[in-house]
1. Within segment 99-115, is there a residue that is more than 8 Å from the ligand (Cβ to nearest atom) and free of Cβ contacts under 8 Å to residues at least 12 places away in the same chain?
2. Being exposed (fewer than 15 other Cβ atoms within 10 Å of the Cβ), in a helix (DSSP H, G or I) and among the charged types (D, E, K, R) is true for just one of K157, K144. Which residue is that?
3. Is segment 94-108 home to any residue that is among the basic types (K, R), at pLDDT 95 or above and at positive phi?
4. A88: within 14 Å of the ligand (Cβ to nearest atom) and surrounded by 16 or more Cβ atoms within 10 Å (Cβ to Cβ), yes or no?
5. Given the structure, is N129 farther than 19 Å from G163 by Cβ, without any contact (Cβ under 8 Å) to a residue 60 or more places away in the chain and not hydroxyl-bearing (S, T, Y)?
6. Give segment 116-155 a look and list any residue that's more than 11 Å from the ligand (Cβ to nearest atom), of a type in the set (V, I, T) and modelled with pLDDT of 95 or more, or say none.
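The values are calculated or read from the model by the stated rules, or taken from the named source; none is laboratory data. What you see is a predicted model; the values in this text were computed from it and never measured. Note that each Cβ is placed from the backbone with ideal geometry, even for glycine, and that neighbours are counted across all protein chains shown.
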Amino acid sequence: MAFTADSTQRIFAYSTQPTDAVASTVALFNSLSVDDQLAVLWYAYTEMGRSITPAATGAARLQLAEGLLNQIKQMSHAEQLQVMRDLAAKRNTPISRSYGVLSPNTKLAFWYELSELMVKGFVVPMPANYQLSRDGAQVLETLKQLDFGQQITVLRKVVTDMGVDPLAD
Ligand code: 45D
């Protein structure tokens, strides 16, 4: 489903309930370009990083994603970026399918770990001069205004939709 700038504004205009705030943030996120989706996730991580403890993401969860993360670590920066764009765009690739079988929280932990790997220099960094679109900046602003539980719900929904479910059709 495609959202125009107008239609997304209408979603916001009619969203007065807290649960609608989550739904409208997810809808607006999904209307962003793939690059803006990745950028918003990154900025969300940099803002939330301090509140998410590594213990909370669970070492056990990450074991399930470890093969995938190790594969990505071996790639060139260009390939790493392609993998992340493919996940966000739901392009059907072997990595998108491996990602697709992970549980929602493991998917979150996977993205969290990718961010950590970016910080440590193992994964392609965000360009310092990246220009987020107006809608992208709005998603980020809305996300910041939600409480922590709602933020996690939004993030869980958006990363759950990424990749490809190998068992679907
Ligand atoms: O050249 O299990 C662009 C709890 C432009 C507890 C780019 C939890 C072009 C239970 C595309 C921008 C609920 C707390 C380049 C878990 C260009 C539990 C690159 C929660 C280079 C898991 C962009 C965990 C790139 C939570 C590379 C809340 C962008 C985890 C990469 C939250 C962005 C994790 C990445 C978040 C973003 C991770 C990797 C927000 C990752 C964000």
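1. Scanning segment 99-115 turns up no residue that is more than 8 Å from the ligand (Cβ to nearest atom) and free of Cβ contacts under 8 Å to residues at least 12 places away in the same chain.
2. On inspection, the qualifying residue turns out to be K144.
3. There is no residue in segment 94-108 that is among the basic types (K, R), at pLDDT 95 or above and at positive phi.
4. Working: within 14 Å of the ligand (Cβ to nearest atom): yes; surrounded by 16 or more Cβ atoms within 10 Å (Cβ to Cβ): yes.
Spelling it out, A88 is indeed within 14 Å of the ligand (Cβ to nearest atom) and surrounded by 16 or more Cβ atoms within 10 Å (Cβ to Cβ).
5. Values: farther than 19 Å from G163 by Cβ: yes; without any contact (Cβ under 8 Å) to a residue 60 or more places away in the chain: yes; not hydroxyl-bearing (S, T, Y): yes.
So N129 fits the description; yes.
6. V139
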